[in-house]
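The values are calculated or read from the model by the stated rules, or taken from the named source; none is laboratory data. Quick caveat: nothing in here was measured; it's all calculated off a predicted structure. When we count neighbours, we look across all protein chains shown, and the Cβ atoms used for this are built from the backbone with ideal geometry, even at glycine. Note: accessible area is taken over every heavy atom of the protein model, side chains too, but ligands, DNA and RNA are not part of it. Shrake-Rupley method; radii C 1.70, N 1.55, O 1.52, S 1.80 Å.
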Amino acid sequence: MLVVSVEPPWPAQHGGRIRTARVAEALNRHLEVLVAYPDHGKRRLDGPVATVPLSWSPPSAVRTRASGRPHLGGHYMLPVAGALSVLVDEFPPDAVYWSHSYLAAWAPPSFRQIPQVVEFANIESRRLQTLVRSAHGLQRVARRAEATKAAFWEPRVAAHAAICVALSQPDVDVLRGWTRDVVLAPNGVDVWPYTPSPPDGYVLALASYDYEPNVQALRTFVRDTWPLVRAELPAAQLVVAGRRSEALSQEFATVPGVTVLGTLDDVADAYAGAALTVAPATTGGGSQLKLTESLSRGRTVVMSAFAARGLPDAVRDSDAYQVADGPRSFADEVIDGLRDPSARQARERAGWQRCETLGWSHTVRDLVAAISTLADRKAVS
């Protein structure tokens, strides 16, 4: 099995990397797996699965945007397409696993005879539509063009795939309008020991801040919601952490009660000091790994209704999180969580217990079985 990722999966420090790493590790227990990726960002060469970094540098944006295929896929795939074709000749896989559908849209011609397994981390046509609404001027035009293109390339990628992988039931429903070969493999969690949140803990906003929907949501939260929290609880503290969050340090330096930690090698300490976490995004993708990660670490989450749509069924009907939209309701939920540690800890423990059924070996079980069957069938033929 050749897994093609958008970035190095290890060290698995944030949502996208964690997902790809855990899927590759699960597959590697049943199949011989090699992970290939464009060589950018921090990487670990001694990971649990064999990897091949492919020499990469950003291509011309004009070329990728002028194509009928996704700009983002071309950004990562164009410079490595030749190296991938060589790799397939040297390591003939029984199947190729694409970590994102927009990568599969740029598959080299030499891949056409190989069964394709395509993970739809998001339904791109829908994700892009949410980004159109938050853009202005030329950026809005560019995003509308990408959303329009996605309406054409995305169903075709799904139809040509041997297996399509969905992360949520709503995405399964969309994909089954394009193909019957769909497997549901929701985000799992790494299981951690439960430690109650500290009575005087802070509010944690942990996310990847090189992703615009997260940045926009945080700015809105700090501008509109955080002052309402501080008005009720003047000692309340908000800690911002995660990939590229250091870029926001200067912007929030004068905001009372806000501290930016920056990119973290290990998020354990950030969670340890948190009373609760927040997930205020209202645009972007549909399944946010940070939600289940927070719950699995014993921390309740105040989230937007948009974020809650991507929760797995195992936690959806629990009292482990709060949904709020609008500055006042969001602030009220945060204030209630900070003021009442005993009620908060009861919720967080309930969420942690629900996450025991969301271990990665369980959530990707059907996916591993489907791919093993596909690889066996290909090997026999």
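The table below gives the values:
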{"quantity": "Which listed residue is closer than 25 Å to Gly15 by Cα and either without any contact (Cβ under 8 Å) to a residue 60 or more places away in the chain or within 20 Å of the chain's Cα centre (by Cα) (or both), from Arg127, Arg144, Arg156, Arg112", "calculated": "Arg127"}
{"quantity": "Per-region count, segment 18-30, residues touching a Ser or Thr at 6+ places or on another chain (Cβ under 7 Å) and buried (at least 18 other Cβ atoms within 10 Å of the Cβ)", "calculated": "2"}
{"quantity": "Flag if Val23 is assigned to a helix (DSSP H, G or I), aliphatic (A, V, I, L, M) and in contact (Cβ under 8 Å) with a residue 24 or more places away in the chain", "calculated": "yes"}
{"quantity": "Qualifying position, being closer than 24 Å to Leu131 by Cα and acidic (Asp, Glu), among Asp190, Asp173", "calculated": "Asp173"}
{"quantity": "Matching helices (runs of 4 or more DSSP H) fully within segment 92-163 where at least 2 residues are at pLDDT 95 or above and in contact with an Asp or Glu (Cβ under 9 Å, 6 or more places away or on another chain)", "calculated": "101-104, 137-160"}
{"quantity": "Positions within segment 38-56 being within 20 Å of the chain's Cα centre (by Cα), open to solvent by 30 Å² or more (accessible area, probe 1.4 Å) and not charged (D, E, K, R), in sequence order", "calculated": "His40, Gly41"}
{"quantity": "Residue that is farther than 19 Å from Ala331 by Cα, modelled with pLDDT under 95 and either crowded, with 21+ Cβ neighbours inside 10 Å or in contact with a His (Cβ under 8 Å, 6 or more places away or on another chain) (or both), where the choices are Ser245, Ser208", "calculated": "Ser208"}
{"quantity": "Any hit, segment 201-224, residues being under 15 Å from Ala270 (Cα atoms) and among the aromatic types (Phe, Trp, Tyr)", "calculated": "yes"}
{"quantity": "Check on Thr51, touching a helix residue (DSSP H, G or I) at 6+ places or on another chain (Cβ under 6 Å) and of a type in the set (S, T, N, Q)", "calculated": "no"}
{"quantity": "Flag if Val35 is surrounded by 22 or more Cβ atoms within 10 Å (Cβ to Cβ), touching a residue at least 60 places away in the same chain (Cβ under 8 Å) and either β-branched (Val, Ile, Thr) or assigned to a loop (DSSP other than H, G, I, E, B) (or both)", "calculated": "no"}
{"quantity": "Residue match in segment 169-179 (condition: closer than 17 Å to Ile114 by Cβ, in a loop (DSSP other than H, G, I, E, B) and either open to solvent by 30 Å² or more (accessible area, probe 1.4 Å) or at pLDDT 95 or above (or both))", "calculated": "no"}
{"quantity": "Qualifying residue in segment 78-88 (condition: of a type in the set (Gly, Ala, Ser) and within 30 Å of Asp190 (Cβ to Cβ))", "calculated": "no"}
{"quantity": "Any hit, segment 357-373, residues being among the hydroxyl-bearing types (Ser, Thr, Tyr), at pLDDT 95 or above and within 23 Å of Leu276 (Cβ to Cβ)", "calculated": "no"}
{"quantity": "Filter result for Ala231 (of a type in the set (A, V, I, L, M), in a helix (DSSP H, G or I), closer than 17 Å to His100 by Cβ and free of Cβ contacts under 8 Å to residues at least 40 places away in the same chain)", "calculated": "no"}
{"quantity": "Ser67, sole failed condition from (1) touching a Lys or Arg at 6+ places or on another chain (Cβ under 9 Å); (2) buried (at least 18 other Cβ atoms within 10 Å of the Cβ)", "calculated": "(2)"}
{"quantity": "Those residues of segment 322-337 which are open to solvent by less than 60 Å² (accessible area, probe 1.4 Å) and not in a helix (DSSP H, G or I), in sequence order", "calculated": "Gln322, Ala324, Gly326"}
{"quantity": "Complete set of residues in segment 267-290 that are of a type in the set (Gly, Ala, Ser), open to solvent by less than 10 Å² (accessible area, probe 1.4 Å) and in contact with a Lys or Arg (Cβ under 7 Å, 6 or more places away or on another chain)", "calculated": "Ala274, Ala275, Ala279, Gly284"}
{"quantity": "Residues of segment 341-369 classified as open to solvent by 60 Å² or more (accessible area, probe 1.4 Å) and charged (D, E, K, R), total", "calculated": "5"}
{"quantity": "Residues of segment 29-38 satisfying the condition of being modelled with pLDDT of 95 or more and not aliphatic (A, V, I, L, M)", "calculated": "Tyr37, Pro38"}
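Results for (1) crowded, with 23+ Cβ neighbours inside 10 Å; (2) not in a strand (DSSP E or B), shown as yes or no for each residue.
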position	(1), (2)
Asp265	no, yes
Thr292	yes, yes
Val302	yes, no
Leu311	yes, yes
Ala314	no, yes
